[in-house]
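A short worksheet on the structure shown next.
The values are calculated or read from the model by the stated rules, or taken from the named source; none is laboratory data. Since this is a predicted model, take the numbers as computed values, not measurements. Cβ: placed from backbone, ideal geometry, glycine included. Neighbour counts: every protein chain shown.
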Amino acid sequence: MKNSRRVKRMERSSRKLAATLSLTSLMDVFTILVLYLLVNQSSGTVLDPPKDVKLPDSIVETQPRETLLVSVSDEQVVVDGVLTATVQEILANQDDVIVPIRDRMAQKKESTLSKTEQAIDQSTEVTIMANKAVHFKVLKRVMTSCTAAGFTKISLAVNQK
C-alpha cells in the first residue's frame, strides 16, 4: 500500500532527535555549589584544647562563641595563652580570688578597643577549658577570680558527642 504524503510527514515529525544535556551549565552549577559548601562548612568555632587538658564529654547542641579563653590543666592555669598561676599556688592560697588570674583578666578586659554594645557583651564572657580531673575547689576559685575581674558570663568547654 502506498503511503500518502500526510502519513510520510507524520512519520518524519515523530522521529525527533533525543534531547541532549548541556554539561557546561551543569558543571557550573556544581562548581558553585561545591565552593559555597567549602566556604560555609567552617561556620562553627572549634576550640582545640592543649594536650594536657582532657575535656569532659557532653551532648551540647550550641556552638561556642569566641571569648577569652582560660585553660586549666593538672598543673597550671593559662589565661589567653599566658601562664598565670599553678594549681599548687591555688591550693596553697586560702583566698577564693586568685590575684594573678584576676589581674590578667582585668588587663584583657581593659584592652578591648571598640566599646560597641556587642563588644561590651563579649568582653564579659569567658570560656574555661578545664581538665576533667581538676579538683572542683580549683575550678571554683578560677571561676570566682573570673567574676572578680568582671567576667560574669562563664562557659565551660566540653567535647561534643
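Residues are listed down the side, and each one gets a yes or a no for (1) in contact with a Gly (Cβ under 6 Å, 6 or more places away or on another chain); (2) modelled with pLDDT of 85 or more; (3) buried (at least 16 other Cβ atoms within 10 Å of the Cβ):
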| position | (1), (2), (3) |
| --- | --- |
| Val70 | no, yes, yes |
| Gln88 | no, yes, no |
| Glu110 | no, no, no |
| Val158 | no, no, yes |
Selection within the stretch 72-82 - exposed (fewer than 13 other Cβ atoms within 10 Å of the Cβ) and part of a strand (DSSP E or B)
Val82
Scan the stretch 19-59 residue by residue and report those that are part of a loop (DSSP other than H, G, I, E, B), of a type in the set (A, V, I, L, M) and either modelled with pLDDT of 70 or more or in the same structural domain as Val87 (by TED's automatic domain parsing) (or both).
Leu21, Val53, Leu55, Ile59
Near pairs, Cβ below 9 angstrom, 6+ apart or cross-chain, from the stretch 83-112 (over 19 Å from Phe151 (Cα atoms)) to any residue that is among the polar types (S, T, N, Q) and surrounded by 19 or more Cβ atoms within 10 Å (Cβ to Cβ)
Val87/Ser73
